[in-house]
Amino acid sequence: MEKSKTTQRAKCPSEKVRVGAAESATDRALKVSEVADMLGIGLTLARALIRRGEIASVKIGGARRVQRSALASYLARVTTPATGGDRE
């Protein structure tokens, strides 16, 4: 019986790692191509927005990344509230 407890203990930390990895996947920084896809714009425009500082980003090694919170902040700044009188 002692052996099975040891086995269970050995599995427990790995399960926590998997859960942590799944959680961090939702919080991970986005690639510029992912930002472009999420905004429905081209890669060139996404890079221009980042270069101009309209969307905050960080450089990790040679890769440019955008935090989800930075993308949300950008969207909050550029989104205008809908008015009830506009119809298309």
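In region 29-74, what residues are over 14 Å from the mean Cα position of the chain (by Cα) and in a helix (DSSP H, G or I)? Give the steps one after another, and end with the answer.
Narrowing region 29-74 to residues over 14 Å from the mean Cα position of the chain (by Cα): 40-54, 59-63.
Correct list: L43, T44, L45, A46, R47, A48, L49, I50, R51.
When you go through (1) among the polar types (S, T, N, Q); (2) at pLDDT 95 or above; (3) not in a helix (DSSP H, G or I) one by one for T80, which number turns out not to apply?
T80 satisfies all of (1) among the polar types (S, T, N, Q); (2) at pLDDT 95 or above; (3) not in a helix (DSSP H, G or I) except (2).
The values are calculated or read from the model by the stated rules, or taken from the named source; none is laboratory data. In this text, all values refer to a predicted model and were calculated from it rather than measured experimentally.
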